[in-house]
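K.L.:
Okay, handing you the structure first.
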Amino acid sequence: MAELGAGSGSSYPTSLDSNSVVEVDSPATGKTKVRADVPNDLAAAIIAVQTELGTDPAGTKADVKTFFQTDHQTSGKHFHLITKSSDYTTVSSDNWGMFRVDTSSGNVIITLLASASAGDGHIMSFTNTGSNSLTLDPNGSETLSGETSLLVRKDKVAIIECDGTNWHNLANNEEGGPSLGSNSIIRTNAKTVEETIVFLGTENGMTVGPVTVATTGSVTVTSGSTWTIV
């Protein structure tokens, strides 16, 4: 701790400074030549700022700005926009990344970095802005909400978070599906397939027919999956 005005400088940020001996107006011998209120008020302001920030406010970072930018972007925002249109593997710097994935040219697979590398609290969002399928694929044997992959369909979004071991889907990607009536008593589906849909072999699906596959659409049922039309 250093006493402000003692000529020994400041001990901050290692410890908070003090101002226990205040200045006294001239003409007292050896006292300040200016009005004492000025340096005393400045010292009080400095100590108030130090007290608010606490000691070592930058932690292990070089400075407070670097510390804040660990979770914030230079613009002050949390999320930052990332655009993709082809297969991609995420990296640590994608934390708080808001992925806008264009699947217009075909299905896209986003492989998630290993949970141990991502760390607890790593969060990302993914929006499918194209007409094909977007698949989120965890690393190795890791899972996403208990599943080996997550399918994000056209105009849908998924917000995922890592716990250091696996991934979890925080958003209701499918929003329960379209429906009619109070409490969604009647579930509905479209009559025409206009996009590329791929069953991955890990799920089954059902559609109320009749249904038509348009020239712009297709349905691929991978071995292990079943598509039932009733």
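K.L.:
So Ile47 passes all but one of these: (1) loosely packed, with under 15 Cβ neighbours inside 10 Å; (2) modelled with pLDDT of 75 or more; (3) of a type outside the set (D, E, K, R). Which condition number does it fail?
P.N.:
(1)
K.L.:
If you go through the stretch 49-70 one residue at a time, how many are closer than 20 Å to Gly121 by Cβ and charged (D, E, K, R)?
P.N.:
So the count comes out to 1.
K.L.:
Next question, about the same structure. All but one of (1) in a strand (DSSP E or B); (2) touching a residue at least 40 places away in the same chain (Cβ under 8 Å); (3) under 20 Å from Glu203 (Cα atoms) hold for Ser125; state the number of the condition that does not hold.
P.N.:
Ser125 satisfies every listed condition except (3).
K.L.:
Return a yes/no flag: does the stretch 139-149 have any residue that is more than 16 Å from Thr89 (Cα to Cα) and touching a Leu at 6+ places or on another chain (Cβ under 8 Å).
P.N.:
no
K.L.:
Now, a different point. Just need a number here: residues in the stretch 209-230 that are touching a Ser or Thr at 6+ places or on another chain (Cβ under 8 Å) and more than 19 Å from Ser105 (Cα to Cα).
P.N.:
Adding up the residues that qualify gives 8.
K.L.:
If you don't mind, there's one more thing I want to ask. Please list, ordered by residue number, the strands (runs of 3 or more DSSP E) wholly in the stretch 178-221 having 2 or more residues that are among the aliphatic types (A, V, I, L, M).
P.N.:
196-199, 218-221
K.L.:
Whether any residue in the stretch 121-141 is surrounded by fewer than 17 Cβ atoms within 10 Å (Cβ to Cβ) and modelled with pLDDT under 90 is what I want to check.
P.N.:
No: the stretch 121-141 contains no residue that is surrounded by fewer than 17 Cβ atoms within 10 Å (Cβ to Cβ) and modelled with pLDDT under 90.
K.L.:
Do we have Gly164 as modelled with pLDDT under 95 and in a loop (DSSP other than H, G, I, E, B) here? Break it down stepwise before answering.
P.N.:
Numbers: modelled with pLDDT under 95: no; in a loop (DSSP other than H, G, I, E, B): yes.
Here the answer is no, as Gly164 does not meet what is asked.
K.L.:
Something else: When you scan the stretch 193-226, how many residues do you find that are hydroxyl-bearing (Ser, Thr, Tyr) and closer than 21 Å to Leu134 by Cβ?
P.N.:
Count: 8.
The values are calculated or read from the model by the stated rules, or taken from the named source; none is laboratory data. Quantities reported herein were computed from a predicted structural model and do not represent experimental measurements. Heads up, the Cβs are rebuilt from the backbone with ideal geometry, glycines too, and the neighbour counts pull from every protein chain shown.
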